[in-house]
Amino acid sequence: MDEYGNTGEERAARRDEAVRGAVERGLLGPDAPIVGLLDVTGIRESARELRAAFDAVTAPGTPVLHAFAVKATPLVPVLRLLREEGIGAEVASPGELALARAAGLSPARTVLDSPAKTAAELREALALGIAVNADNPQELDRIDGLMWSAVSRSPLGIRVNPQVGGGSIGATSTATETSKFGVALRDEGAREWVVRAYLERPWLSRLHAHTGSQGIPLALMVRGVEETYALAEEINRRIGRPQIDTIDIGGGLPVNFASEATAPTYTEYARALKAGVPGLFDGRYGLVTEFGRSLLAKHGTIVARVEYAKSAGGRPVAVTHAGVQVATRTVYVPGSWPLRIAAYDGKGRPKSGPEVVQDVAGPACFAGDLLAEGRALPLLDQGDYAAALDTGAYYFAHHYAYNSLARPGIYGFVPDPQTGGVRFATVRDPQTLASIVAESGGAHVGALTTLHTPGSR
């Protein structure tokens with residue numbers, strides 16, 4: 001149960017109604033064999049839980065910005081919904097900034113983080129007044145030049161890597177000794193360089209670090225924030241005034257993909273931070289967070305039709321329309337990114353019956369395109385549906401165009417108290433074949449035939 005009394009069972013019940021409703025409305029069926037579903041009620045609840053958890057440990061009047069990591073679910077309607085719930089945006093590319101602006105996010109509630117910002121990106125951010133965290137000394141030099149040429153309202157800071165170590169998934173661990181992100185504080189001379197950077201630039205007012213991600217334990221996340229806070233204290237002490245007025249602690253709260261339970265919760269993390277870094281919450285520092293996966297993962301579902309049911313080597317195989325194109329990490333690194341699978345019948349109702357060990361395969365033309373291998377489920381038959389759960393972040397909005405497979409339509413849903421059913425809203429239309437052709441150079445069909453090497457004619 002979460003801080004608002006909601007249970008995983010309630011979330012699962014809403015999901016079951018949505019799958020059935022999607023089949024009944026024709027959003028899912030023979031002509032629409034894959035769909036993404038977003039639980040609007042659950043998203044709102046997560047946003048409110050986040051705000052309440054940090055409000056409970058922060059001194060009254062402390063400025064706090066919870067900025068959603070747009071990379072987790074880069075969909076304009078999602079960003080607009082979160083904006084309505086008081087959540088800003090953390091962007092890491094020109095595309096993500098464009099999405100945030102299209103959703104109506106104000107510059108004051110937007111943070112730009114990226115290890116490869118161009119001069120043009122920085123110029124735009126500084127002109128708009130968007131907060132920027134410089135990743136490295138060369139980027140700070142670039143910002144120096146821009147600050148000399150124009151006055152900016154942007155809050156500016158430096159991203160540091162406290163080098164506290166990684167978690168169980170190396171590819172998503174951002175605070176390792178050799179991480180590509182930020183200024184590595186334990187490298188020779190690096191800490192003193194950071195301190196001098198603030199001493200020489202009175203307009204640097206923020207300090208940023210991001211330790212968390214999937215596979216990172218809470219204790220390690222807290223340790224990363226402790227190191228960052230200690231550095232802020234050292235810098236302000238050396239300067240003799242509170243020049244750093246805001247600490248950006250990043251996001252990365254892990255998600256439980258093993259069951260319906262939400263664990264860890266925002267309340268648990270906020271309380272752990274309060275116990276480990278009490279000075280962070282006494283009102284002397286503003287606070288920025290950058291959560292992504294933990295806000296959306298539990299509230300998204302990919303549902304795919306079973307096109308064929310077969311067997312190989314004596315094991316049943318359900319061939320579906322969801323595979324590497326929507327669940328890239330799970331297909332390529334299943335040990336680190338396993339997904340729960342739920343079985344539904346042809347009418348979208350939860351399927352019962354004895355569990356059978358089977359594979360749930362995707363449509364791509366390579367043997368490893370499996371959502372689940374050797375999974376015990378009610379036997380999936382042709383015309384049934386397989387649902388990949390907890391896929392609201394880093395899944396159906398991150399399409400991988402293997403075999404030129406089309407991006408699925410995405411629909412948000414809420415319970416309809418008047419009918420007892422479900423109401424849907426389109427978040428993203430299904431991709432058309434014409435769009436696939438256009439994105440693949442269809443407008444330049446003869447371009448290469450006009451080029452001739454010497455002597456070829």
Quick count over the stretch 92-114, residues being under 17 Å from the mean Cα position of the chain (by Cα), closer than 18 Å to residue 207 by Cα and of a type outside the set (D, E, K, R), is 5
Is it the case, given these coordinates, that residue 335 is under 28 Å from residue 92 (Cα atoms), modelled with pLDDT under 95, not assigned by TED's automatic domain parsing to the domain that holds residue 242 and not in a strand (DSSP E or B)?
yes
Which condition breaks for residue 273 when tested against (1) out of contact with any helix residue (DSSP H, G or I) (no Cβ under 8 Å at 6 or more places or on another chain); (2) in contact (Cβ under 8 Å) with a residue 60 or more places away in the chain; (3) of a type in the set (A, V, I, L, M, F, W, C)?
(1)
What about residue 385, is it closer than 14 Å to residue 303 by Cα, touching a residue at least 60 places away in the same chain (Cβ under 8 Å) and either in contact with a strand residue (DSSP E or B) (Cβ under 9 Å, 6 or more places away or on another chain) or of a type outside the set (A, V, I, L, M) (or both)?
yes
If we take the stretch 85-167, then strands (runs of 3 or more DSSP E) inside it with 3 or more residues that are of a type in the set (Gly, Ala, Ser), in the same structural domain as residue 197 (by TED's automatic domain parsing) and over 24 Å from residue 235 (Cα atoms) are none
Looking at 73, 41, which one is under 16 Å from residue 110 (Cα atoms) and either without any contact (Cβ under 8 Å) to a residue 60 or more places away in the chain or among the β-branched types (Val, Ile, Thr) (or both)?
73
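Conditions (1) more than 25 Å from the chain's Cα centre (by Cα); (2) closer than 21 Å to residue 14 by Cα, marked per residue:
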| residue | (1), (2) |
| --- | --- |
| 317 | yes, no |
| 335 | no, no |
| 340 | no, yes |
| 347 | yes, yes |
| 353 | yes, no |
| 369 | no, no |
| 372 | no, no |
| 378 | yes, yes |
| 388 | no, yes |
So is residue 84 acidic (Asp, Glu) and surrounded by 17 or more Cβ atoms within 10 Å (Cβ to Cβ) or not?
no
Matching residues in the stretch 346-361 (part of a loop (DSSP other than H, G, I, E, B) and surrounded by fewer than 20 Cβ atoms within 10 Å (Cβ to Cβ)) number 7
Single unsatisfied condition, residue 441 versus (1) more than 26 Å from residue 46 (Cβ to Cβ); (2) modelled with pLDDT under 95:
(2)
Residues of the stretch 301-333 being basic (Lys, Arg) and surrounded by fewer than 17 Cβ atoms within 10 Å (Cβ to Cβ), in sequence order, are 310, 315
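The values are calculated or read from the model by the stated rules, or taken from the named source; none is laboratory data. What you are looking at is a predicted structure, and each value in this text was computed from that prediction instead of being measured. No Cβ is skipped: glycine too gets one built from the backbone with ideal geometry, and neighbour counts run over all protein chains shown.
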